[in-house]
Amino acid sequence: MEIWLYSAIAILVFCMAAHRLYARGIAVSKSVAAVLFVFRPGKNADRVTLNSCTGWGRHRGRFRESRIYEFTFTARLSSGHAEAVLLDRAKQPLLTLDSQNPAGTIKLEGGNRYYLHWNFANASGTCGLRWECARVPNA
């Protein structure tokens, strides 16, 4: 076979793998300037460790069921500011959490696409965002 065909197949496989990782919320798109930036997205939580970080990071949220979700933001920052924003498919903000507004509740539809977007301004320390299905009181 021709060498160009092998190259085309390799590029196609790489693009398909990157798309699959991003679609599952594992891959992260980011634009940061930092001494240290460690982003760990999870099934029900995100964790970030940073040092002198300015910029943003975003990944697709994993909300498979139509439910009411409770979000909790935690930050142990020695300097700067960090916030987490839940975006809809059109990348419009639905919920913004930071140190002054650390908790929120929102109803999400299982078939829709959502993104978790993090903003950092000269931030140093650790941050976290956890989410879980809201507890519905017995009727």
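A few notes on this one:
- Given (1) touching an Asp or Glu at 6+ places or on another chain (Cβ under 9 Å); (2) of a type in the set (D, E, K, R); (3) in a strand (DSSP E or B), index of the condition R113 fails: (3)
- Residue list for region 56-78, restricted to those being buried (at least 16 other Cβ atoms within 10 Å of the Cβ) and either in contact with a helix residue (DSSP H, G or I) (Cβ under 7 Å, 6 or more places away or on another chain) or over 19 Å from L95 (Cα atoms) (or both): R60, L77
- Total residues in region 79-130, condition in contact (Cβ under 8 Å) with a residue 40 or more places away in the chain and not polar (S, T, N, Q): 23
- Single match in V48, V35 (criterion: exposed (fewer than 11 other Cβ atoms within 10 Å of the Cβ), modelled with pLDDT of 75 or more and closer than 19 Å to A75 by Cβ): V35
- Scan of region 111-134 for residues that are open to solvent by 20 Å² or more (accessible area, probe 1.4 Å) and on the phi < 0 side of the Ramachandran plot, ordered by number: G111, N112, R113, H117, N119, A121, T126, R130, E132, C133, A134
The values are calculated or read from the model by the stated rules, or taken from the named source; none is laboratory data. It should be emphasised that the depicted structure is a prediction, and the values quoted were computed from it without experimental measurement. When we count neighbours, we look across all protein chains shown, and the Cβ atoms used for this are built from the backbone with ideal geometry, even at glycine. Heads up: the accessible areas ignore ligands, DNA and RNA and are worked out on the full protein's heavy atoms, side chains in. Shrake-Rupley method; radii C 1.70, N 1.55, O 1.52, S 1.80 Å.
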